[in-house]
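**Student:** My structure is below; once you've seen it, I'll send some questions.
The values are calculated or read from the model by the stated rules, or taken from the named source; none is laboratory data. Just so you know, these numbers come straight off a predicted model, no measurement behind them. Here Cβ is always computed from backbone atoms with ideal geometry, including for glycine, and neighbour counts include all displayed protein chains.
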Amino acid sequence: MIAEIQAGPRVPEAAPNILEVRNLRKSFGVHEVLKNINFAMRKGEVVAVIGPSGSGKSTLLRCLNQLEPASGGEITIDGLTIRADHQLRRAELMGLRRKAGMVFQSFNLFPHLSVLRNISLPQERVLGRSRAEAEKRAHALLERVGLADKASQYPARCSGGQQQRIAIARALALDPQVMLFDEPTSALDPEVGLEVLAVMKELAEGGMTMVVVTHEMHFAETVSDRVLLMADGHILEEGPSAEVMRNPKSERAQRFLKAVMNR
Amino acid sequence: MSDILSFWGTYLPQILDGLGISLKVTGASLAIGIPAGLALALMVQAKSRFLRWFCLAVVEIGRGAPALILLQFAYFGLPNVGVSLTSFAAAVAALSWSTAAYTSEIIRAGLQAVPRGQIEASDALGLSFADQLRFVLVPQGLRVAAPALLGFAVLMLQASSLAFTIALPELLSQAYIIGTTTFRYMPILCLAGLLYACICIPATLLVGWFERRLARHA
């Protein structure tokens, strides 16, 4: 495996933090899934979150846009701070979600709407764009993810990889500051997953700030600037991708990486 | 046989008038009852406990009481509290209530069948609660509920014959009136039954077609 892109220098050191997570905790009943998570991201940075199943990766991602309300701590995205110990106002929640675009493992396109409508409707309702404006943007994004010819189709007529690319276009159409990817290729055949990863890589190169929960170690190593390796609700290791993945310090991280890298 | 056909021919216009009224009552009850059922299905999940209990009461009474009792209540009962309805209005009121109660359960099941991921996706996109209902949840929930709703509509046409008991000149009433004047109950009731079947059988086939179509897109 050759690292095509060297991590690190792509994002200027001086870039401001766009995302900060402080003392984030999340419990489901007595079960503590996230235990005091702290990290920050600069604008344009791509962070891969890896780790064994059940380590809290997806929960962390879902807390960032409050699909799961955090049990403790605070999250700042692009100047907007959400504190777990404050009652969240509807406007704050909407503001947060406007700043964060999300792509799900199971795509979650709206099956009763055409591909074009999937991308244009949220723009009209959330950003107040006109229909013409929203559709123009939708066409441009479909072009960008290589699916210009699918605009009038329904999602069920598209392959999994195509659906995921449409889901990425849908999220991008709202001009998010940060894109959150929750195992975007896990439901896809490895070969089909590549077309999704290619779109993500292009997005990263375009300067989008991205948090990617993934099992794609090659993607984590080559595209992301930094890796967070999680286990048991903690961030076990954090640092430049190549460093964390080639020279993990802790025994637990070594064990995990050995298992996944040899696959 | 030719005797029966000429008898049918003579009374067909009167019977068709009756069918027209049956269809009107059914149509009006569905047009009022199904949107009300949707509203009830949404409101039983409301945060306000009062609203929840109120809707639950409306649904449970509407489902618990036989349609015949609701009809009698609307036509004979309400005048005691100063509300006099024509037989048509009373029939529509009673059958709308019944429709609302039953369809609210059908629609609620439809809404619950919408995958959790759809709600999460619309949350993540930042759609407001009202938009989520309007553009994501309700269209998909109704799609799931459509075959059952259509099936219910067929039942409602049949239930409209109960309005016979409150002097509404619908299909069964007309057949009965013709029977009392000609004493030929058998052929006229057969004709009435045939007309009900003419509507209900194609409608049932439509339900089947709908279900197959839905299964293909799921």
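**Student:** When the range B:183-204 is examined, which residues are found to be in contact (Cβ under 8 Å) with a residue 60 or more places away in the chain, farther than 13 Å from B:LEU23 by Cβ and of a type outside the set (D, E, K, R)?
**Tutor:** Within the range B:183-204, B:PRO187, B:ILE188, B:LEU191, B:ALA192 qualify.
**Student:** Something else: For the range A:146-159: of the residues being assigned to a helix (DSSP H, G or I) and within 14 Å of chain B (Cβ to nearest Cβ), which is surrounded by the most Cβ atoms within 10 Å (Cβ to Cβ)? Break it down into steps so the answer makes sense when it comes.
**Tutor:** Within the range A:146-159, the first condition is being assigned to a helix (DSSP H, G or I), and the residues that meet it are A:148-150, A:155-157.
The next check asks that each one be within 14 Å of chain B (Cβ to nearest Cβ); those that pass are A:155-157.
Working: A:PRO155: 20, A:ALA156: 12, A:ARG157: 13.
Top of the filtered list is A:PRO155.
**Student:** Something else now. Could you please tell me which pairs satisfy a Cβ distance under 9 Å, a separation of 6+ or placement on different chains, a first residue in the range A:179-197 that is at pLDDT 90 or above, and a second residue that is buried (at least 24 other Cβ atoms within 10 Å of the Cβ) and among the basic types (Lys, Arg)?
**Tutor:** A:ASP182/A:LYS57; A:GLU183/A:LYS57; A:GLU195/A:ARG165; A:VAL196/A:ARG165
**Student:** So which residues in the range B:76-93 are touching a residue at least 40 places away in the same chain (Cβ under 8 Å) and within 12 Å of the chain's Cα centre (by Cα), if there are any at all? Break it down stepwise before answering.
**Tutor:** Of the residues in the range B:76-93, the ones touching a residue at least 40 places away in the same chain (Cβ under 8 Å) are B:76, B:87-88, B:90-92.
Across the range B:76-93, the qualifying residues are B:ALA91, B:VAL92.
**Student:** Could you list all residues from the range A:95-136 that are in contact (Cβ under 8 Å) with a residue 24 or more places away in the chain, part of a helix (DSSP H, G or I) and facing chain B (nearest Cβ under 10 Å)?
**Tutor:** A:LEU96, A:ARG97, A:ARG98, A:LYS99, A:ASN118, A:PRO122, A:GLN123, A:VAL126, A:LEU127, listed by residue number.
**Student:** From the list A:LYS43, A:LYS26, pick out the single residue that is under 15 Å from A:HIS234 (Cα atoms), of a type in the set (Lys, Arg) and touching a residue at least 12 places away in the same chain (Cβ under 8 Å).
**Tutor:** One residue alone meets the criteria, A:LYS26.
**Student:** Whether any residue in the range A:15-29 is polar (S, T, N, Q) and within 23 Å of A:GLY207 (Cα to Cα) is what I want to check. Explain how you work it out, then say what you get.
**Tutor:** Narrowing the range A:15-29 to residues polar (S, T, N, Q): A:17, A:23, A:27.
Restricting the remaining residues to those that are within 23 Å of A:GLY207 (Cα to Cα) gives A:17.
Yes, some residue in the range A:15-29 is polar (S, T, N, Q) and within 23 Å of A:GLY207 (Cα to Cα).
**Student:** Conditions first: (1) under 22 Å from the mean Cα position of the chain (by Cα); (2) touching a residue at least 12 places away in the same chain (Cβ under 8 Å); (3) surrounded by fewer than 18 Cβ atoms within 10 Å (Cβ to Cβ). B:PHE164 passes all but one, so which condition is the exception?
**Tutor:** That leaves (3) as the condition not met.
**Student:** Let me ask something else about it. List the number of the failed condition for B:LEU95; all other conditions in (1) touching a Lys or Arg at 6+ places or on another chain (Cβ under 7 Å); (2) over 30 Å from A:ASN65 (Cβ atoms) hold.
**Tutor:** (1)
**Student:** At pLDDT 90 or above, touching a strand residue (DSSP E or B) at 6+ places or on another chain (Cβ under 9 Å) and either assigned to a helix (DSSP H, G or I) or more than 30 Å from A:LEU174 (Cα to Cα) (or both): which single residue out of B:ALA124, B:ALA145, B:ALA109, B:ALA175 fits that description? Talk me through it step by step, then tell me what you get.
**Tutor:** Working: B:ALA145 fails: touching a strand residue (DSSP E or B) at 6+ places or on another chain (Cβ under 9 Å); B:ALA109 fails: touching a strand residue (DSSP E or B) at 6+ places or on another chain (Cβ under 9 Å); B:ALA175 fails: touching a strand residue (DSSP E or B) at 6+ places or on another chain (Cβ under 9 Å).
Matching residue, one of B:ALA124, B:ALA145, B:ALA109, B:ALA175: B:ALA124.
**Student:** Limited to the range A:182-211, what total is found for residues that are aliphatic (A, V, I, L, M) and assigned to a loop (DSSP other than H, G, I, E, B)? Outline the logic, then answer.
**Tutor:** To start, the set of residues in the range A:182-211 that are aliphatic (A, V, I, L, M) comprises A:187-188, A:192, A:194, A:196-200, A:203-204, A:208, A:210-211.
Still in the list and also assigned to a loop (DSSP other than H, G, I, E, B): A:187-188, A:208.
Residues that pass the stated criteria total 3.
**Student:** Let me ask something else. Residues in the range B:147-154: is at least one touching a helix residue (DSSP H, G or I) at 6+ places or on another chain (Cβ under 6 Å), more than 14 Å from chain A (Cβ to nearest Cβ) and loosely packed, with under 15 Cβ neighbours inside 10 Å?
**Tutor:** Looking for residues that are touching a helix residue (DSSP H, G or I) at 6+ places or on another chain (Cβ under 6 Å), more than 14 Å from chain A (Cβ to nearest Cβ) and loosely packed, with under 15 Cβ neighbours inside 10 Å, one finds none in the range B:147-154, hence no.
**Student:** Given the conditions (1) over 27 Å from B:PHE73 (Cα atoms); (2) free of Cβ contacts under 8 Å to residues at least 60 places away in the same chain; (3) out of contact with any Asp or Glu (no Cβ under 8 Å at 6 or more places or on another chain), report the number of the one that B:GLN132 does not fulfil.
**Tutor:** Going through the list (1) over 27 Å from B:PHE73 (Cα atoms); (2) free of Cβ contacts under 8 Å to residues at least 60 places away in the same chain; (3) out of contact with any Asp or Glu (no Cβ under 8 Å at 6 or more places or on another chain), B:GLN132 breaks only (3).
**Student:** Sort through B:VAL114, B:VAL144 and tell me the only one that's among the β-branched types (Val, Ile, Thr), within 30 Å of A:ASP182 (Cα to Cα) and without any contact (Cβ under 8 Å) to a residue 40 or more places away in the chain. First the steps, then the outcome.
**Tutor:** Details: B:VAL144 fails: without any contact (Cβ under 8 Å) to a residue 40 or more places away in the chain.
Among B:VAL114, B:VAL144, only B:VAL114 is among the β-branched types (Val, Ile, Thr), within 30 Å of A:ASP182 (Cα to Cα) and without any contact (Cβ under 8 Å) to a residue 40 or more places away in the chain.
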